[in-house]
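Q: Sending over a structure as structure tokens; questions will come in a sec.
The values are calculated or read from the model by the stated rules, or taken from the named source; none is laboratory data. If you're wondering where the values come from, they're calculated on a predicted model, not measured in any experiment. Positions of Cβ are generated from backbone atoms using ideal geometry, with glycine treated the same way; all protein chains shown enter the neighbour counts.
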Amino acid sequence: MKKSFAKFNALMAALLLSGVSYVVLAQQAVLVEPVTLSDMQQRERVVGNIKAAVEAGVSVRESSSVDQVMVNEGDKVSLGDLLLRLDSRRLHAQSLQLQAEYDRSKALVKQRKAEQKNLQDDLTAFTYTAEKNAISERQLRNVKTELAVAEAALSQANFQVKALQNELELLKIRLADTELRAPFNGYVTQRLAEPGEWFNQGEVAIEMISSDRLEAWLEVPQRLASQLSTTSEITLEVNGQSISSKDFKLVSQVNNRSRTFNLVVSFPAMPNILSGMAVTGWVATSSEDQVLAVSKNAVVNKGGMTLVYKVSNGENGSVATAVPVTVLYKSAEVYALAANKELTPGDKVIVEGNERLMPGPVVATDAKTGRGFVASSAPQSSTGIGAGE
């Protein structure tokens, strides 16, 4: 739009500085664009808000006091970065105690193995002696019983070692949990922890949002539920930027008060687009069809009529003729028009200077190329209609 104003001002300056006649100066400078035949879909305008793909309150996994906080609000962090550290001295002491018990249990296993082997050798010798009737059956049974007891004691010692080993593994996990790390790439939005504060297990210490992808949560009227085209792109307008995305999903629940449902559109994070911003979306509600298309700036409403001004050849040069049109639907920058006998693809319509257009000739400049335009065909309506008619 700024470029169009610049062209318009440049054209006016050229007219004023040149030595042209009064007739030329009486002509009105306008910018024009062509009518096109385009494949378009009917789209409805909806509104919503931008959200981060992931918003999380990162909670501590151990009950302890805060030893050190590494981040502040606004900091960008990556997956695995250290956010804060809890006091872990008690857990370290428990770890040393468990390690000592574990070592003692392993030594006990060695002792039980030696006892079991000694009794196994005794049983072998007693069995051989019993075959020679050198000892009684009772003595043999006693040795077998002692061996069974020794084997049970060895098994118990092995189980004890395994239990202590598992406790040590759990303690390692608990020690690791005293360091709170970023669960994803993102930004710190709120720091809730300060050194010395006590946090219970599960309490939120840091709030984060993801930085890789954003989502537009659009509120769509329930009447459009059966008309949405699930294969078309959705166009978003936010903070002066236009985004198209096919990555969207419908939340199958209607709000009882607003009678709207959410359409969640996902797209890569972009500069100057932040979580919480308002967003406008254009959702397709029909299949593609060929229609006459004009710039949204070409359509004006006057006297209860919807018009475009077509530039064509007249007796004194180019003139603007008002053509009534029917707008089928709108997109962000283009309006789709119903078939019209007075408009054909390629016709030039005024996109700037049409709001206060007066009867009389016009000096037309192409809005895209900056070149002057001279109409070569006669207007289909014999009367040039100005802004006041």
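Q: Kindly indicate whether any position in the range 164-175 is within 30 Å of Asn72 (Cα to Cα), of a type outside the set (Lys, Arg) and either surrounded by 17 or more Cβ atoms within 10 Å (Cβ to Cβ) or without any contact (Cβ under 8 Å) to a residue 12 or more places away in the chain (or both). Break it down stepwise before answering.
A: Taking the range 164-175 first, the residues within 30 Å of Asn72 (Cα to Cα) are 171-175.
Subset that is of a type outside the set (Lys, Arg): 171, 173, 175.
When the remaining residues are screened for being either surrounded by 17 or more Cβ atoms within 10 Å (Cβ to Cβ) or without any contact (Cβ under 8 Å) to a residue 12 or more places away in the chain (or both), the result is 171, 173.
For the range 164-175, residues within 30 Å of Asn72 (Cα to Cα), of a type outside the set (Lys, Arg) and either surrounded by 17 or more Cβ atoms within 10 Å (Cβ to Cβ) or without any contact (Cβ under 8 Å) to a residue 12 or more places away in the chain (or both): present.
Q: Out of the residues in the range 253-294 meeting the condition of being among the small types (Gly, Ala, Ser) and at pLDDT 90 or above, tell me which one is farthest from the chain's Cα centre (by Cα).
A: Kept after step one, since they are among the small types (Gly, Ala, Ser), are these residues of the range 253-294: 258, 266, 269, 275-276, 278, 281, 284, 286-287, 293.
Among the residues that remain, those that are also at pLDDT 90 or above are: 258, 266, 269, 275-276, 278, 281, 293.
Values: Ser258: 24, Ser266: 4, Ala269: 7, Ser275: 9, Gly276: 12, Ala278: 14, Gly281: 14, Ala293: 32 Å.
The residue in question is Ala293.
Q: Report, by residue number, each residue of the range 54-98 that is of a type in the set (Gly, Ala, Ser), over 34 Å from the mean Cα position of the chain (by Cα) and buried (at least 16 other Cβ atoms within 10 Å of the Cβ). Walk me through it before giving the result.
A: Residues of the range 54-98 that are of a type in the set (Gly, Ala, Ser), as a first pass: 56-57, 59, 63-65, 74, 78, 80, 88, 93, 95.
Imposing the further condition that a residue be over 34 Å from the mean Cα position of the chain (by Cα) reduces the set to 64-65, 88, 93, 95.
Once the filter is applied, which keeps residues that are of a type in the set (Gly, Ala, Ser), over 34 Å from the mean Cα position of the chain (by Cα) and buried (at least 16 other Cβ atoms within 10 Å of the Cβ), the range 54-98 yields Ser64, Ser88, Ser95.
For every residue, the table says whether it meets (1) β-branched (Val, Ile, Thr); (2) modelled with pLDDT under 95; (3) over 27 Å from the mean Cα position of the chain (by Cα); (4) in a helix (DSSP H, G or I).
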position	(1), (2), (3), (4)
Ala157	no, yes, yes, yes
Gln160	no, yes, yes, yes
Leu164	no, yes, yes, yes
Glu167	no, yes, yes, yes
Ile209	yes, no, no, no
Val220	yes, yes, no, no
Ser226	no, yes, no, no
Thr231	yes, yes, no, no
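Q: A further question follows. From Asn340, Asn354, grab the single residue that is at pLDDT 80 or above and either loosely packed, with under 13 Cβ neighbours inside 10 Å or farther than 25 Å from Arg43 by Cα (or both).
A: Values: Asn340 fails: either loosely packed, with under 13 Cβ neighbours inside 10 Å or farther than 25 Å from Arg43 by Cα (or both).
Just a single option satisfies the conditions, and that option is Asn354.
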